[in-house]
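Colleague: Sharing a structure below in structure tokens format, with a few things to ask.
The values are calculated or read from the model by the stated rules, or taken from the named source; none is laboratory data. Please read these numbers as outputs of a predicted model, since none were measured by experiment. Using ideal geometry, Cβ is built from the backbone for each residue, glycine included, and neighbour counts are taken over all protein chains shown.
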Ligand SMILES: [Mg+2]
């Protein structure tokens, strides 16, 4: 009897994995008088360049301003890979720390990834980084993609962790498989299906 390989359960982060805020972050920082280059925009890096108070406000505008929030595009190749995942029959989930689920769902509708790929059944909102692991464990997630190393560090229940690094800035991160694009994830997907 052969074992079916079809037991992988995929999990994704939203910001910096599904949505690309790079250009908006550069623009917004510049409006606040802080010059930031694209390679400094990943969440864990930009925090070091913006004072705490400004960062909070910065995040709010980025995620909640009706015009700005919609102007961050989906990552290149995202929909192609999501279509492949959906067709493969693998289960997949979104786990996000966004503070405002309703607004986030509307944003996903705007980008045509809700209900095409994500819906009430496979989308979860959690409060903090630790909660991501609690949720991942409940869902039986085997493969998770996040753009923050600190999140991956806390995902102790997940066996296969991928650092999404579309800007190619985490070259020294050896603990996790780095993927630089959704097209690159296709190769991994081929092995799972
Ligand atoms: Mg993220």
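Colleague: Looking at the stretch 28-46, which of the residues that are away from the ligand (no atom under 12 Å from the Cβ) and in a loop (DSSP other than H, G, I, E, B) is farthest from residue 158 (Cα to Cα)? Steps first, answer last, please.
Modeller: Step one: filter the stretch 28-46 for residues away from the ligand (no atom under 12 Å from the Cβ), giving 28-40, 45.
Remaining after also requiring in a loop (DSSP other than H, G, I, E, B): 32-37.
Working: 32: 38, 33: 40, 34: 37, 35: 37, 36: 33, 37: 32 Å.
Result: 33.
Colleague: Going through 125, 185, 93, 164 one at a time, which residue ends up being in contact with a helix residue (DSSP H, G or I) (Cβ under 9 Å, 6 or more places away or on another chain), within 14 Å of the ligand (Cβ to nearest atom) and touching a residue at least 60 places away in the same chain (Cβ under 8 Å)? Show your work before the answer.
Modeller: On the way: 125 fails: touching a residue at least 60 places away in the same chain (Cβ under 8 Å); 185 fails: within 14 Å of the ligand (Cβ to nearest atom); 93 fails: within 14 Å of the ligand (Cβ to nearest atom).
Going through 125, 185, 93, 164 in turn, just one is in contact with a helix residue (DSSP H, G or I) (Cβ under 9 Å, 6 or more places away or on another chain), within 14 Å of the ligand (Cβ to nearest atom) and touching a residue at least 60 places away in the same chain (Cβ under 8 Å): 164.
Residue-by-condition table, conditions (1) more than 13 Å from residue 20 (Cα to Cα); (2) at pLDDT 95 or above:
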| site | (1), (2) |
| --- | --- |
| 50 | yes, no |
| 58 | yes, no |
| 75 | no, yes |
| 93 | yes, yes |
| 96 | yes, yes |
| 110 | yes, yes |
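Colleague: Hey, can you tell me all the residues within the stretch 1-15 that are touching a helix residue (DSSP H, G or I) at 6+ places or on another chain (Cβ under 8 Å) and modelled with pLDDT of 95 or more?
Modeller: Listed by number, the residues that qualify are 8, 9, 10, 11, 13, 14, 15.
Colleague: While we're on this one: If I filter the stretch 16-27 for residues that are away from the ligand (no atom under 16 Å from the Cβ), under 26 Å from residue 110 (Cα atoms) and in contact with a helix residue (DSSP H, G or I) (Cβ under 7 Å, 6 or more places away or on another chain), do I get at least one hit?
Modeller: Within the stretch 16-27 (the criterion being away from the ligand (no atom under 16 Å from the Cβ), under 26 Å from residue 110 (Cα atoms) and in contact with a helix residue (DSSP H, G or I) (Cβ under 7 Å, 6 or more places away or on another chain)), the answer is yes, since at least one residue qualifies.
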